[in-house]
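The values are calculated or read from the model by the stated rules, or taken from the named source; none is laboratory data. What you are looking at is a predicted structure, and each value in this text was computed from that prediction instead of being measured. Note that each Cβ is placed from the backbone with ideal geometry, even for glycine, and that neighbours are counted across all protein chains shown. Remember, those area values only see protein heavy atoms, side chains included, never the ligands or the DNA or RNA. Shrake-Rupley method; radii C 1.70, N 1.55, O 1.52, S 1.80 Å.
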Amino acid sequence: MSKRLCVTTSRQIMDSQKLHPGATGELSGLLNELIVAAKIISAEVNMAGLADILGQSGKTNVQGEDVQKLDVFSNATIKRRMEQCGYICVMASEEEDGIIPVLDGYEGKYTLAFDPLDGSSNIDVNVSIGTIFSVHRKISDGKQGTEADLLQKGSKQVAAGYIIYGSSTVLVYTTGDGVHGFTLDPSVGEFFLSHPDIQIPERSKYYSVNEAYTNYWFDSTRKYIEHIKKIDRDSGRPYSLRYIGSLVADFHRNLISGGIFLYPRDRKSTDKPEGKLRLLYEAAPMAMIVKEAGGVALTDDGRDILEIEPTDLHQRVPLIIGSRKDVEEAMQFFLT
Ligand code: FDP
């Protein structure tokens, strides 16, 4: 076994804890509990077809979207595991309207915001989906956490990550000491370090955007996409399109191979003037990861995603994220 394959998530988390004198081990405990939840969800995702769990549950979530059975399962698994882990004081889920309290007597000093199964419209067709999480430190007084604890900007996150349920199950996370990727070995039920210290290539040749929305786009988006499709061999254009329609999968590919992902504002739906993606459950955690990996995450009017003060648990935000030079180049179109 190579040395790298010996490093489990627990060992990596403990090593990183040692870099922070005074650390109590609570963040490590929190991450370890989440990892257990991820293993349970991963097993269920892999069994989805066999267990006849595919298909919609018949309910809609707070965003008015169909809720799939696996979403319900993943949401319940994370909630049940984390409400009594003793490390967090309050949670918020993309699938639930309000805050989720933890059990009395189990209040800890962190908060957890999560998207239990991102890309859920892909469940029935075997396309990669994932769980995204974001951790903040509690700022309110009292034992139980409040909405204010969750409505903190992304730059205050103490940890962020995702688990992608794809050809293999991969966990990518950061606690501010680099971005590390672990692959689940299902035969032993353990995540092993497979992608140490991930750095996103600073320039890429891939773009990810829902191009079917061209006629809803504002001029800036249209001009930028036209630009990267123009033939110019010296600057590596045209770029290639890669759009899975599952943020975790699109983001993960771009993180490893380089790329730019865009979900800008458009004229598609009047009820989503800021685009579709959620600040707390999608944009902010991905922004922390990409920044730690050397990339950039901005809105389509140039604001740093990590500096946006959330005002609503389910607030949406335009997102342009990925390789540094690509996002900077995109801004030349979005900011003129
Ligand atoms: P989904 O609706 O399948 O859950 O925000 C959710 C999300 O997927 C992202 O994972 C994905 O990037 C995006 O929506 C896809 O939206 P479009 O279908 O509008 O492109």
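Any idea which residue in the stretch 94-141 is farthest from the ligand (Cβ to nearest atom), counting only those that are small (Gly, Ala, Ser) and open to solvent by 50 Å² or more (accessible area, probe 1.4 Å)?
Quick first cut of the stretch 94-141, residues small (Gly, Ala, Ser) only: 98, 105, 108, 113, 119-121, 128, 130, 134, 140.
Add one more test, that the residue is open to solvent by 50 Å² or more (accessible area, probe 1.4 Å), and what stays is 105, 121.
Values: Gly105: 35, Ser121: 3 Å.
Going through the qualifying residues, I end up with Gly105.
When you scan the stretch 71-90, do you find a residue that is open to solvent by 30 Å² or more (accessible area, probe 1.4 Å), within 16 Å of the ligand (Cβ to nearest atom) and within 17 Å of Glu147 (Cβ to Cβ), even just one?
no
Only residues in the stretch 27-47 that are under 15 Å from Gly161 (Cα atoms) count as the first member; pair them with residues that are in a helix (DSSP H, G or I) and modelled with pLDDT under 95, Cβ under 6 angstrom, at least 6 apart or cross-chain, and list the lot.
Ser28/Ile13; Ser28/Gln17; Leu31/Ile13; Ile35/Thr9
Among the residues of the stretch 142-179, write down those that are more than 29 Å from Asp104 (Cα to Cα), in contact with a helix residue (DSSP H, G or I) (Cβ under 6 Å, 6 or more places away or on another chain) and buried (at least 23 other Cβ atoms within 10 Å of the Cβ).
The answer is Ile164, Tyr165, Thr169, Val179.
I need every pair where a residue in the stretch 118-141 that is touching a residue at least 12 places away in the same chain (Cβ under 8 Å) has its Cβ under 6 Å from the Cβ of a residue that is open to solvent by 30 Å² or more (accessible area, probe 1.4 Å) and away from the ligand (no atom under 15 Å from the Cβ), sequence separation at least 6 or different chains.
Once the first residue is touching a residue at least 12 places away in the same chain (Cβ under 8 Å) and sits in the stretch 118-141, its partners that are open to solvent by 30 Å² or more (accessible area, probe 1.4 Å) and away from the ligand (no atom under 15 Å from the Cβ) give His136/Lys156; Lys138/Lys109.
Can you name the residue in the stretch 72-106 that is in a helix (DSSP H, G or I) and among the charged types (D, E, K, R) and is also nearest to Val36 (Cα to Cα) among such residues?
Keep residues of the stretch 72-106 that are in a helix (DSSP H, G or I), which gives 72-82.
Remaining after also requiring among the charged types (D, E, K, R): 79-81.
Values: Lys79: 12, Arg80: 12, Arg81: 8 Å.
The qualifying residue nearest to Val36 (Cα to Cα) is Arg81.
Output the residue which, of all residues in the stretch 263-299 that are within 15 Å of the ligand (Cβ to nearest atom) and acidic (Asp, Glu), is farthest from Ala113 (Cα to Cα).
Asp266
Taking the criterion of being within 16 Å of the ligand (Cβ to nearest atom) and open to solvent by less than 20 Å² (accessible area, probe 1.4 Å), would at least one residue in the stretch 219-229 satisfy it? Break it down into steps so the answer makes sense when it comes.
In the first step, residues of the stretch 219-229 are kept if they are within 16 Å of the ligand (Cβ to nearest atom); the result is 221, 225.
Okay, now just the ones that are also open to solvent by less than 20 Å² (accessible area, probe 1.4 Å), so 221, 225.
Yes, because at least one residue in the stretch 219-229 is within 16 Å of the ligand (Cβ to nearest atom) and open to solvent by less than 20 Å² (accessible area, probe 1.4 Å).
Tally the residues that are touching a Phe, Trp or Tyr at 6+ places or on another chain (Cβ under 7 Å), open to solvent by less than 60 Å² (accessible area, probe 1.4 Å) and away from the ligand (no atom under 16 Å from the Cβ), restricting the search to the stretch 195-218.
0
When the stretch 279-330 is examined, which residues are found to be β-branched (Val, Ile, Thr) and either free of Cβ contacts under 8 Å to residues at least 24 places away in the same chain or surrounded by fewer than 23 Cβ atoms within 10 Å (Cβ to Cβ) (or both)? Let's see the steps before the verdict.
Initially, the stretch 279-330 is screened for residues β-branched (Val, Ile, Thr), giving 289-290, 296, 299, 305, 308, 311, 317, 320-321, 327.
The answer is Thr299, Ile308, Thr311, Val327.
Among the residues of the stretch 32-51, which ones are open to solvent by 20 Å² or more (accessible area, probe 1.4 Å) and within 17 Å of Asp71 (Cβ to Cβ)?
First pass over the stretch 32-51, keeping only residues open to solvent by 20 Å² or more (accessible area, probe 1.4 Å): 32-33, 36, 39-40, 43-47, 49-51.
Of everything in the stretch 32-51, those that are open to solvent by 20 Å² or more (accessible area, probe 1.4 Å) and within 17 Å of Asp71 (Cβ to Cβ) turn out to be Ile40, Ala43, Glu44, Val45, Asn46, Met47, Gly49, Ala51.
Collect the residues in the stretch 146-191 that are assigned to a loop (DSSP other than H, G, I, E, B), farther than 26 Å from His314 by Cβ and polar (S, T, N, Q), keeping them in residue-number order.
Listed by number, the residues that qualify are Ser167, Ser168, Ser187.
Can you tell me which residue among Ile260, Ile256 is at pLDDT 95 or above, more than 13 Å from the ligand (Cβ to nearest atom), open to solvent by 50 Å² or more (accessible area, probe 1.4 Å) and over 27 Å from Gly98 (Cα atoms)?
Values: Ile260 fails: open to solvent by 50 Å² or more (accessible area, probe 1.4 Å).
Testing whether each residue is at pLDDT 95 or above, more than 13 Å from the ligand (Cβ to nearest atom), open to solvent by 50 Å² or more (accessible area, probe 1.4 Å) and over 27 Å from Gly98 (Cα atoms) leaves just Ile256.
Kindly indicate which of Val170, Val158 is at pLDDT 95 or above, of a type in the set (A, V, I, L, M) and closer than 14 Å to Ile88 by Cα.
On the way: Val170 fails: closer than 14 Å to Ile88 by Cα.
Only one candidate passes the filter, namely Val158.
Quick one: what pairs do we get from the stretch 237-249, first residue touching a residue at least 12 places away in the same chain (Cβ under 8 Å) and near the ligand (Cβ under 7 Å from one of its atoms), second assigned to a loop (DSSP other than H, G, I, E, B) and small (Gly, Ala, Ser), C-beta under 9 Å, 6+ apart or different chains?
These pairs meet every condition: Gly245/Gly119; Ser246/Gly119; Ser246/Ser128; Leu247/Gly119; Val248/Gly119; Val248/Ser128; Val248/Gly166.
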